[in-house]
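*Asks:* Dumping the structure here so I can ask a few things about it.
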Amino acid sequence: MINYLLLALLFVISLILAQHFLINWQAERYRKRNVKRLKTKENFFKHFISKINLIRTKDDFLSKQGYPFNLNVISYFVFKLFLAMLFFIAGIVNYHSIVIAVVFAAIGYFLIDVFILSRRKSRDSEICTDLMNVTSSICLQLSAQVSLKNSLKKQYENCKNKDFKKALLEFSTKYELSELNITEATKALEDKFDLLEVRMFCRALETYNETTQIEEVLDNLGQTLKKKNVEKIRQNTMTKIIYITFGVIVALGNIILITFYPLFVGIGQGFNSVFK
């Protein structure tokens with residue numbers, strides 16, 4: 001009798017456990033199916049986006065600019081359309097003209113591009129300055145018989161531009177983890193920036209395993225960057241001189257007007273009294 005009761009109890013326990021595992025298995029299967037479906041939709045969306053040449057090109061451009069103002073390709077176009085609509089409504093409300101509203105909309109649509117191009121110029125200038133310091137530091141360390149791997153480890157500390165600093169840190173890490181494959185590491189660094197100087201820097205580093213004159217190659221690049229930096233400083237100085245000169249002219253003009261205005265008024269009043 002006890003044996004039958006034990007068998008019955010064992011059967012009930014087995015049934016409960018089987019039901020519990022069945023429920024868990026069905027729940028896990030349902031979860032995986034939903035995750036797979038979400039991933040499939042996400043991959044489909046990314047694949048669809050990548051097929052559109054305009055969006056793919058713009059995404060590549062924004063990526064090489066470090067995604068300015070934290071805008072990815074989707075938020076970039078959404079923001080452009082929002083500004084265009086906002087400027088269009090402003091033109092309608094203030095001027096009650098479709099033509100002026102369309103002109104305003106065009107200005108709003110391309111306004112963010114103007115800011116990005118302006119930011120790009122200053123960003124490229126910062127990167128060139130950082131690259132000049134990095135190149136000089138690498139030349140000195142290679143001349144002191146320091147290996148390229150050890151030389152690259154701390155070069156990000158010579159950079160002020162946060163995008164280039166991050167890229168250089170990733171570059172040195174990738175170079176070390178790829179078993180000192182300089183071509184693979186430089187290719188990854190080159191793809192992050194749309195800048196001739198960065199490409200020249202990568203080409204120079206690629207000669208590390210091909211020639212013993214890499215110090216000379218890097219030194220020539222450093223001299224080129226120094227000349228470009230001096231030219232940039234000269235242009236900035238000339239621009240500031242022009243601004244200062246223009247400001248002085250405006251100030252002198254105001255002083256002359258303030259000084260001679262009462263005289264001109266007096267002469268005018270005198271002529272009026274004479275010819276009355």
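*Asks:* Taking the condition of being open to solvent by 20 Å² or more (accessible area, probe 1.4 Å) and in a helix (DSSP H, G or I), how many residues in the stretch 131-170 meet it?
*Replies:* Count: 19.
*Asks:* Additional query: Please pick out the residue among ASN181, ASN209 that is out of contact with any Gly (no Cβ under 7 Å at 6 or more places or on another chain), modelled with pLDDT under 85, open to solvent by 90 Å² or more (accessible area, probe 1.4 Å) and of a type outside the set (Gly, Ala, Ser). So that I can check it myself, show each step before the final result.
*Replies:* Values: ASN181 fails: open to solvent by 90 Å² or more (accessible area, probe 1.4 Å).
Step by step, each of ASN181, ASN209 is checked, and only ASN209 is out of contact with any Gly (no Cβ under 7 Å at 6 or more places or on another chain), modelled with pLDDT under 85, open to solvent by 90 Å² or more (accessible area, probe 1.4 Å) and of a type outside the set (Gly, Ala, Ser).
*Asks:* Any idea how many residues of the stretch 80-101 are assigned to a helix (DSSP H, G or I) and open to solvent by less than 80 Å² (accessible area, probe 1.4 Å)?
*Replies:* Of the residues in the stretch 80-101, 10 are assigned to a helix (DSSP H, G or I) and open to solvent by less than 80 Å² (accessible area, probe 1.4 Å).
The values are calculated or read from the model by the stated rules, or taken from the named source; none is laboratory data. The structure presented is a predicted model; accordingly, all values stated were derived computationally and were not measured. Methodologically, a virtual Cβ is constructed for each residue, glycine included, from the backbone with ideal geometry; neighbour enumeration extends over all protein chains shown. Ligands, DNA and RNA are excluded from the accessible area calculation, which covers all protein heavy atoms including side chains. Shrake-Rupley method; radii C 1.70, N 1.55, O 1.52, S 1.80 Å.
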